[in-house]
Amino acid sequence: MSDAKIRIRGVGKTFVNEQREVQALQSIDLDIQPNEFVTFVGASGCGKSTLLRIVAGLESPSRGEILLDGKPIDGPGVDRAMVFQHYSLYPWLTVMQNIKFCRQLKVIRDTVRNDSDVETAAGRADALLNLMGLTRFADAYPSQLSGGMQQRVAIARALMPKPATLLMDEPFGALDAQTREVMHDLIRHVHRLEKSTILFVTHDVEEAIYLGSRIVLMAPRPGRIDSIYEVPLPAQRHQDMKLSPEFTELKREILARIRETSGMQTDLEQLAKLSAVTG
Amino acid sequence: MTEQINIPSASTSAQQRHTATPAAPAEQVVRKSSFWRIRGEISRRSAWLLTVAGLSLPFVVWWLWTALGLADPMFMPSPGAVLERIGRWWTSEGLVTDIGISVWRVMAGFGASALLALPLGLYIGTYRPVQAFLEPLIDFIRYMPAVAFIPLVMLWVGIDEGSKVLIIFIGTFFQMVLMVAEDVRRVPMAQIEAAQTMGANRGEIVKLVILPSAKPALLDTLRITCGWAWTYLVVAELVAANSGLGYAILKAQRYMHTDKIFAGILLIGLIGLLTDQAFRWLHRRAFPWMRK
Ligand SMILES: Nc1ncnc2c1ncn2[C@@H]1O[C@H](COP(=O)(O)OP(=O)(O)OP(=O)(O)O)[C@@H](O)[C@H]1O
Ligand SMILES: [Mg+2]
């Protein structure tokens, strides 16, 4: 197991505000293999986003360390692209300019050796645009696109520098069910094609099962890993699998566990009192 | 879902094709006028009409007031008299020179202020240590009335061109720095973090994300502070000048030329309005992506 892509070792995070301390993560240990697709679920506030942001290098851990290819993480880098829940597109750039944004950066420019590299890059931008079904919107501004289309641009932009690791924090949270399904197949396709390692946070258990090869269930107060589930589905996924007994059984099990760990229960007695009062 | 994604091996696209049900009978929507809807739109025509009406209202009242002889023309000249005075000022009293010198002073003071405030505000809004170091100080100076600096400026710089420019600078610079810093701080963190995860370094983030993202707000800040520059120009010219629009107004008071006072005030207002419109036009031209 020494060839893990990402090793998370005793990682903890405590946020200190003026009045109080929040222990967002207690002590996380997790190994992620190359080309794995790990999904993270758990009650709100269990530290999923915090963990992802630490892996991205946007936040530094209070305790422990994360090794990426054996080397400790020190700030964000091109090798780890992140797709945010809220649209982080650049509204002053067109769709194509957004996707090609990284081409202006020194880290990327330094890798360009000759004209054919430039051509390959242009081809990649076109291919991503095509893959996302946005060819007709290459010259549109983000404000002219729907939410789902904007999120596809954000994914294409993140994929442009060929990141070995892709970090996604509820990227489809704002999308409707149909668009989401299309995006699921698309992201699985990218995962296979690019051999990338993907860490994917979601609220949607069905999404977590359909996408992931492993599901990490986290629990809040303090944020920790509660349990890990292997997904008993073949690598090649299919929408119909969502109806299979293994799928629904796993879904039921995970949902029940999230409910148990969330610390929030539907108090039927309280509800009864409430409805008695409101008549 | 109108657009479709072509993915090899995608299994969903087929399910999305089904014949559309016949459209429901078009309801007869009674379109109420959006005149009083909160933040409702109005037509271009009504917008123009209302603008013209709003602008001409005070003039009509003014004209009626004087035409009916309700005011002493000594203290309240008629619009006609003021217009006539502007004509005379233009042909024989050097209006162009007065406007020219005033515009030059505003440009110099405002330009110097912007030249320093933009980079300084950018630093304050981007780096917390710079903010902690400079913002309270600037806040403190900002609350000292710029007008109260005039005696000091006259002692230090004298009453030549430098003093007018300096007064305009003092009046606008400190406000401008704080506004620029705020504009820069308003750049969404997500935009900055997205660039960081693509490997952008600090310089690139400032140049490729923070500046372009803040540009529209910065142009608005310049537009607003330019208006203040005109206020301080008049103040400076009233006390420490022998040329310019403000000085002309002051001199007119000495000779009881109320029509010229009116003319001067109106002209300054007009120049301000034109500058403001120029900024707005530039805003629309420079940021087409802001339109829906
Ligand atoms: N910058 C911050 N400052 C202070 N507290 C924070 C900060 N970011 C997160 N927290 C706290 O850390 C805990 C975990 O937050 P986090 O956003 O990681 O949870 P999450 O699992 O992503 O929740 P959700 O599912 O609602 O997105 C929360 O209690 C939150 O209030
Ligand atoms: Mg979150």
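Per-structure values
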| item | result |
| --- | --- |
| Any hit, the range B:136-149, residues being hydroxyl-bearing (Ser, Thr, Tyr), assigned by TED's automatic domain parsing to the domain that holds B:Ile268 and free of Cβ contacts under 8 Å to residues at least 24 places away in the same chain | yes |
| From A:Leu199, A:Leu217, A:Leu233, A:Leu255, residue being closer than 26 Å to A:Arg7 by Cα, open to solvent by less than 90 Å² (accessible area, probe 1.4 Å), free of Cβ contacts under 8 Å to residues at least 60 places away in the same chain and not assigned by TED's automatic domain parsing to the domain that holds A:Ala158 | A:Leu233 |
| Unique match (being within 22 Å of A:Thr197 (Cα to Cα), within 14 Å of chain B (Cβ to nearest Cβ) and away from ligand 2 (no atom under 14 Å from the Cβ)) among A:Leu68, A:Leu52, A:Leu89 | A:Leu68 |
| Qualifying residues in the range A:127-173 (those that are on the phi > 0 side of the Ramachandran plot and away from chain B (no Cβ under 11 Å)) - the one modelled with the lowest pLDDT | A:Lys162 |
| In the range B:59-75, the residues that are closer than 18 Å to B:Ala263 by Cβ and aliphatic (A, V, I, L, M) | B:Ala71, B:Met74 |
| Criterion: away from chain A (no Cβ under 14 Å), crowded, with 22+ Cβ neighbours inside 10 Å and charged (D, E, K, R) - qualifying residue of B:Asp183, B:Asp160, B:Asp220 | B:Asp183 |
| Failed condition for A:Gln178, given (1) facing chain B (nearest Cβ under 8 Å); (2) touching a Lys or Arg at 6+ places or on another chain (Cβ under 8 Å); (3) surrounded by fewer than 23 Cβ atoms within 10 Å (Cβ to Cβ) | (2) |
| Residue ID - farthest from A:Met132 (Cα to Cα), chosen from residues in the range A:44-95 that are open to solvent by 50 Å² or more (accessible area, probe 1.4 Å) and of a type in the set (S, T, N, Q) | A:Ser62 |
| Candidate set from the range A:24-50 (those that are within 15 Å of A:Leu166 (Cβ to Cβ) and not in a strand (DSSP E or B)); member that is nearest to the chain's Cα centre (by Cα) | A:Glu36 |
| Count - residues of the range A:14-49 that are near ligand 2 (Cβ under 10 Å from one of its atoms) and at pLDDT below 95 | 7 |
| Test: residue in the range B:267-285 that is open to solvent by less than 50 Å² (accessible area, probe 1.4 Å), closer than 27 Å to B:Met179 by Cβ, within 14 Å of chain A (Cβ to nearest Cβ) and in a helix (DSSP H, G or I) | yes |
| Those residues of the range A:2-23 which are farther than 17 Å from A:Glu65 by Cα and not in a strand (DSSP E or B), in sequence order | A:Asn17, A:Glu18, A:Gln19, A:Arg20 |
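Residue-wise test of (1) among the basic types (Lys, Arg); (2) out of contact with any Leu (no Cβ under 6 Å at 6 or more places or on another chain); (3) in contact (Cβ under 8 Å) with a residue 12 or more places away in the chain; (4) within 16 Å of ligand 2 (Cβ to nearest atom).
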site	(1), (2), (3), (4)
A:Met96	no, yes, yes, no
A:Asp126	no, yes, no, no
A:Thr135	no, no, no, no
A:Gly147	no, yes, yes, no
A:Thr165	no, yes, yes, no
A:Ala177	no, yes, no, no
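The values are calculated or read from the model by the stated rules, or taken from the named source; none is laboratory data. This one's a predicted model, so the numbers in the text were calculated from it and none came from an experiment. Please note: Cβ atoms are built from the backbone with ideal geometry, for glycine as well, and neighbour counts cover all protein chains shown. Areas reflect the complete protein model, heavy atoms only, side chains present, ligands, DNA and RNA absent. Shrake-Rupley method; radii C 1.70, N 1.55, O 1.52, S 1.80 Å.
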